[in-house]
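Since the structure comes first, as structure tokens, the remarks are kept for the end.
Every number here is computed from the coordinates shown, using simple stated rules; none is lab data. These numbers were taken from a predicted model, which means no experiment stands behind them. Because the Cβ atoms are built from the backbone with ideal geometry, glycine has one as well, and the counts that use them run over all protein chains shown.
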Amino acid sequence: MKAISYNRYGGPEVLEYGELPDPKVGPDEVLVRVRAAAVNPVDWKAQAGYLDGMLDVVFPVVPGWDVSGVVVRTGVSVPEYDAGDEVMGYVREDVLAHGTFAEYVSAPVRTLARKPRSLGFEEAAALPLAGLTAYQVLQAQALAVRPGDTVLVHAAAGGVGSMAVQIARHLGCRVLGAARDAGLERVAELGAEPVRYDEGTFAEQVRALAPQGVDAVLDTIGGPFLELSARLLAPGGRLASIADGEVLALGGRYFWVRPDAADLAALADLADAGVLTVRVARTFPLERAADAQRANAAGGLNGKVVVTVP
Ligand SMILES: NC(=O)c1ccc[n+]([C@@H]2O[C@H](COP(=O)([O-])OP(=O)(O)OC[C@H]3O[C@@H](n4cnc5c(N)ncnc54)[C@H](OP(=O)(O)O)[C@@H]3O)[C@@H](O)[C@H]2O)c1
């Protein structure tokens, strides 16, 4: 199969486009003909070696954890799918090896759900990782948002942030969405009250909107705004970060998304119900995956970057 892979840690320059053997299909796996694979910051962080203390690595590594595509074949213990089914998935395993930037990926059934009928392959590929993160962190013990809560979402026009705004609104929360530049407009479109990133006035803006403090903060960027956010919580307010372990010292929780077929199916239903929209800002063909990574890392797109595999 045609695939993108790397043989050593590094930046986009270590990515190679070429032939790799087709993946085998394990008992709990589904062979998916990939149609699209979204880029996430974790792809280029893992590729740079930042997760080396956590994940074994088997070179050559095919990067990418998000996918949409069509089932080709199922493993011997998979009654859930048939050839021809359209699926999407967050195909993260606890080893860096077989990712989604390829013509085919063997995906464990726990990482998959049926593709929402209302989304094309490109949009569906952009939903799993970001959507699951937002869905799980808002509802897990970390934040446990309730109807009527005021929730501050950081980088609210980003992949996870934009999902979190929409899901929190759906859960009956009032949402303050922090963003910069054109992201502010996007945040308002999604149903949040925009807050501009500006170290001098950030706290003032949030206090003007929520004088009693906010009930929950979802941090997606870390750094100075994380510390500032801890001081904007109402008494009993909850703080969670998906980006900065310093959150623990501030009394909050650090959260990592996990593949979950039921959560993914719930996200698909929300997409089909029109609750969740996905914005794909740029697409690149598979052979230009390095440029796709660069585009995601550069930011400023207010939408997902997706690699297509026609
Ligand atoms: N722990 C987990 O389970 C988990 C899961 C998913 C993601 N993450 C992490 O969460 C972060 C966000 O992921 P994502 O998928 O949402 O990324 P993304 O789609 O690339 O979006 C990143 C967002 O952050 C904004 N941003 C970056 N640096 C900023 C800064 N210094 N000040 C203000 N805004 C800033 C960007 O704004 P501009 O576009 O204006 O640059 C953009 O809106 C990444 O670090 C990722 O690795 C963790």
| For segment 104-111, what does the Karplus curve 6.51 cos²θ - 1.76 cosθ + 1.60, with θ = phi - 60°, yield as ³J(HN,Hα) per residue in whole Hz, taken in order and with x for Gly and Pro? | 9, 9, 8, 10, x, 4, 5, 9
| said: Only four residue types carry charge here, +1 at the Cβ of Lys and Arg and -1 at the Cβ of Asp and Glu. Report the dipole size of the chain about the Cα centre in Debye, rounded to the nearest 20. | reply: 420
| task | State the answer as a single residue: which of Ala179, Ile167, Ala192 lies farthest towards the positive end of the charge dipole of segment 131-254, with beta carbon charges of +1 for Lys and Arg and -1 for Asp and Glu, about the Cα centre. | result | Ile167
| Can you tell which of Ala155, Ala234, Ala298 shows the greatest fluctuation in a Gaussian network model of the chain with Cα springs below 10 Å? | Ala298
| field | Formal net charge of residues neighbouring Gly237 (Cβ-Cβ distance under 15 Å; K, R +1; D, E -1) | value | +2
| said: Nearest 10 degrees is fine. How inclined is helix 159-170 to the longest principal axis of the chain, computing both from alpha carbons? | reply: 60
| message | Could you tell me the relative contact order of the chain? Use alpha-carbon pairs under 8 Å, at least six residues apart, and round to a whole percent. | response | 19
| task | Express the Stokes-Einstein translational diffusion coefficient of the chain in µm² s⁻¹, to the nearest whole number, given a Kirkwood radius over alpha-carbon pairs, 20 °C and a viscosity of 1.002 mPa s. | result | 109
| said: Treating only the Cβ of Lys, Arg, Asp and Glu as charged (+1, +1, -1, -1), what charge dipole size does segment 131-254 show about its Cα centre? Round to the nearest 20 debye. | reply: 360
| query | Among Tyr90, Tyr50, Tyr104, whose mean-square fluctuation peaks in a Gaussian network model of the chain (Cα, cutoff 10 Å)? | reply | Tyr50
| message | Between segment 5-69 and segment 193-237, how far is it from one alpha carbon centroid to the other, in angstrom? | response | 36
| request: Find, among the trypsin sites (Lys or Arg not before Pro) in segment 215-310, those assigned to loop by DSSP (not H, G, I, E, B) with at most 13 other beta-carbon atoms within 10 angstrom. | output: Arg231
| request: Return the ratio Rg/(2.2 N^0.38 Å) for segment 131-254, where Rg is computed over Cα atoms only. | output: 0.91
| query | In degrees, nearest 10, range 0 to 90: what is the angle between the Cα axis of helix 261-272 and the longest Cα principal axis of the chain? | reply | 70
| How far is helix 289-298 tilted off the main Cα axis of the chain, in degrees rounded to 10, range 0 to 90? | 10
